[in-house]
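Any read-out appearing in this document is the output of simple, stated calculations on the displayed coordinates, not a laboratory observation. Only a predicted model underlies this, so the values are computations on that prediction, with no experimental measurement involved. Because the Cβ atoms are built from the backbone with ideal geometry, glycine has one as well, and the counts that use them run over all protein chains shown.
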Amino acid sequence: MVTGRKQTPDFFDDDGLDPVETATGYLQNSPQDKAAPSAAAANAGTMAAKKKAGFYLSVDLLNRFNHKFHELKLVGVAIDNKSTLLEAALGYALDDMDKGEESQVLKRFGIK
């Protein structure tokens, strides 16, 4: 009989660490998708609730995005990660669309 073997952990066990809570400091599946931060996140400061989004991007646009992210990192811009850059760019695009007829983004879709 072999002794001292490690047992494979039960990855579906509810008693382990939640990867989303560990990464973001927020609980998953809360009533409003914005649960109170965990103790670790509360000690680290305030954090915005995050939710993973999945979309498709053209290869050219994705390459431009990755290139720009690395370019910014190389020149010393204090940008944490690609999500931070995407949030900033998307925020600007949404602000632009709020301009209505003067929106550059809406003009790309033929909306005047």
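Within the range 86-108, the only residue that satisfies the criterion of being over 20 Å from Leu72 (Cβ atoms), surrounded by fewer than 12 Cβ atoms within 10 Å (Cβ to Cβ) and among the aliphatic types (A, V, I, L, M) is Leu94.
When the residues of the range 61-85 are narrowed to those that are exposed (fewer than 11 other Cβ atoms within 10 Å of the Cβ) and of a type in the set (D, E, K, R), which ends up nearest to Ala48 (Cα to Cα)? Per the stated criteria, the residue is Asp80.
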